[in-house]
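The values are calculated or read from the model by the stated rules, or taken from the named source; none is laboratory data. On a predicted model such as this, the values are computed, not experimentally measured, just so you know. Positions of Cβ are backbone-derived with ideal geometry, glycine not excepted, and every protein chain shown enters the neighbour counts.
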Amino acid sequence: MALLEIQNLNRRFGGLRAVNNVSFNVEQGMIKAVIGPNGAGKTTLFNLIAGNLPANSGKIYFNNAQINGRKPYQIAKQGISRTYQNIKLFHGMTALENVMLGRHIRSKAGFMAGMLNLPWTWPEEKKIKEKSMEYLGLLGVAECADTEISNLSFGQQRGVEFARALATEPTLLLLDEPAAGLNIYETAEIGRLIMKIRGSGITVLLVEHDMSLVMDISDEIVVLSFGEKIAEDIPHNIQQNEEVIRVYLGDD
């Protein structure tokens, strides 16, 4: 069953077709990767799905409901969460506080009431804190809970960002270059974490340049070039696809 359906999606910036008539599905429970050269339209595609950009034409369905034109917070409430290539955590706050911010999208009291520490929000704030600690533990960074973000390593910050995304209780998680800036050991750990996330029942769509990671963890791969889809298949077949090799993978 398709959890996410992209139908003939288009996005232009002036005369540039950043996403050009792209269509594909993401089945529930899978890890699907989107790859391609720089400027292929991968991040623009994510911005369209998450509501950060409007499409010029085409349709996006999530859980059989069209989500075109909805605001990012509305899409997040429906069950789509994302991370960014450049980590977007709040400095001056601890790891736990960052994750709690993500969790507030599921709170009844709301973010502002929680920030004002109103007495009637205290029971729910306690539950939010407990749940946020669970996500930090799941991602292996619970020991960093009370540490200010700027004092964490890049890999630890990535783990906190994952935890914050999971705190929104997504059905679909969009990961934009999760291994960017990580060393080989941290990348291997990110791969294990993504598999663990999928094992918890969350569907994953990721953009990534690390081909070893992509080939190891993906069920299917979509390849973009100059905004167009040029291939969609299982990893083994993508590695053998002559056009993909010519455009992106190379002969090595």
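Brief remarks follow.
- Within segment 206-213, one or more residues are hydroxyl-bearing (Ser, Thr, Tyr) and either within 20 Å of LYS42 (Cβ to Cβ) or in contact with a His (Cβ under 8 Å, 6 or more places away or on another chain) (or both).
- A single entry from ILE234, ILE217 fulfils the requirement of being within 16 Å of the chain's Cα centre (by Cα) and either surrounded by fewer than 23 Cβ atoms within 10 Å (Cβ to Cβ) or of a type in the set (Ser, Thr, Tyr) (or both): ILE217.
- Filtered residue count, segment 150-177, keeping only those that are over 20 Å from the mean Cα position of the chain (by Cα) and either crowded, with 17+ Cβ neighbours inside 10 Å or assigned by TED's automatic domain parsing to the domain that holds LEU205 (or both): 1
- Positions within segment 1-45 being basic (Lys, Arg) and either in contact with a Pro (Cβ under 9 Å, 6 or more places away or on another chain) or not in a strand (DSSP E or B) (or both), in sequence order: ARG11, LYS42
- Within segment 73-83, tally of residues that are surrounded by fewer than 18 Cβ atoms within 10 Å (Cβ to Cβ) and touching a strand residue (DSSP E or B) at 6+ places or on another chain (Cβ under 9 Å): 2
- Some residue of segment 210-221 being among the acidic types (Asp, Glu), in contact with a strand residue (DSSP E or B) (Cβ under 7 Å, 6 or more places away or on another chain), within 23 Å of LEU48 (Cα to Cα) and in a strand (DSSP E or B): yes
- Residue, farthest from the chain's Cα centre (by Cα), within segment 46-66, restricted to residues that are surrounded by fewer than 19 Cβ atoms within 10 Å (Cβ to Cβ) and part of a loop (DSSP other than H, G, I, E, B): ASN56
- Filter result (of a type in the set (D, E, K, R) and in a loop (DSSP other than H, G, I, E, B)) within segment 158-195: GLU169, GLU177
- Annotation: of all residues in segment 85-125 being assigned to a loop (DSSP other than H, G, I, E, B) and at pLDDT 80 or above, the one that is surrounded by the fewest Cβ atoms within 10 Å (Cβ to Cβ) is GLY92.
- Comparison of ALA179, ALA188, ALA231 shows that the only residue that is without any contact (Cβ under 8 Å) to a residue 40 or more places away in the chain and in contact with an Asp or Glu (Cβ under 6 Å, 6 or more places away or on another chain) is ALA179.
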